[in-house]
Amino acid sequence: MPVACGQTWEASTYNGHWPNQNSIDLGEWSANDTNIGQGEPVLASAAGTVLDVFTDLPAGDIRVYLDHGGGWVTHYIHLESVPPLVIGQHVAQGEQIGRVGNTGTVEYHLHYTQLADGNAVRSEFNGQLIDTGVGNLSPWGNGEKLTSATRGAVSLSAAVKSRPWRTKNTFSPVALATVPSWFRRIASSKPRSAPRTLLP
């Protein structure tokens, strides 16, 4: 997941989501249903190069697009501010590429998309497709609960399983122990319901 290990986030999507309903909005909620995602670190899901960093006008949302090779791209949208990244810069898996914001929108969240050959596909974390996506919409504030694992691989998408000739990009979350204490926040509250911990 594009967030620090051990955190629980909710994935939601809706009809009309850009570029399609396989894009997910990741929100972090406290036990009393308060949105607490503001300023949380956004991490590169996999190693790659910066494809673009820009403010989309007229909405004003700040975006980072990463190219992971082999036709795989990820989008990170609504960042808090323009990160100090340049086009063509290499980023490591788990490297911070921004912070969760609400640019171009009202609620603090991360709009996240995995794309294969330019098409948004259902996100897969730790080798498992998430439930939220085309044909299975989840409402904002009551989405699918996902907890980023402290170990294991995160695949871009199962779409490559049907294309064995393509190299499968594999994502691994940063081990919690390798994330400096200033880089993560340990939540003291329990999630509203039992989250789904995604392990390999």
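Scanning the stretch 122-152 for residues that are touching a residue at least 40 places away in the same chain (Cβ under 8 Å), part of a strand (DSSP E or B) and surrounded by fewer than 22 Cβ atoms within 10 Å (Cβ to Cβ) yields Q128, S138, E144, K145, T147.
Determine if the stretch 26-36 includes at least one residue that is within 14 Å of the chain's Cα centre (by Cα) and surrounded by fewer than 22 Cβ atoms within 10 Å (Cβ to Cβ).
Scanning the stretch 26-36, I find at least one residue that is within 14 Å of the chain's Cα centre (by Cα) and surrounded by fewer than 22 Cβ atoms within 10 Å (Cβ to Cβ), so the answer is yes.
Restricting attention to the stretch 70-82, which residues are under 11 Å from V50 (Cα atoms) and either surrounded by fewer than 24 Cβ atoms within 10 Å (Cβ to Cβ) or not hydroxyl-bearing (S, T, Y) (or both)? Across the stretch 70-82, the qualifying residues are V73, H75. Answer yes or no: is there a residue in the stretch 45-68 that is part of a loop (DSSP other than H, G, I, E, B) and among the charged types (D, E, K, R). Looking for residues that are part of a loop (DSSP other than H, G, I, E, B) and among the charged types (D, E, K, R), one finds none in the stretch 45-68, hence no. Checking H17, H111 one by one, the residue that is in a strand (DSSP E or B) and under 25 Å from S138 (Cβ atoms) is H111 and no other. With respect to the conditions (1) in contact with a Ser or Thr (Cβ under 7 Å, 6 or more places away or on another chain); (2) at pLDDT below 95; (3) closer than 18 Å to S123 by Cα, S23 falls short on a single one, namely (2).
Summed over the stretch 103-115, the residues that are under 15 Å from the mean Cα position of the chain (by Cα) and either among the small types (G, A, S) or within 23 Å of D33 (Cβ to Cβ) (or both) give a count of 5.
Could you pull out the residue among V91, V100 that is under 21 Å from I130 (Cβ atoms), within 16 Å of the chain's Cα centre (by Cα) and modelled with pLDDT of 95 or more? It is V100.
The values are calculated or read from the model by the stated rules, or taken from the named source; none is laboratory data. Model, not experiment: these values are computed from the prediction. Here Cβ is always computed from backbone atoms with ideal geometry, including for glycine, and neighbour counts include all displayed protein chains.
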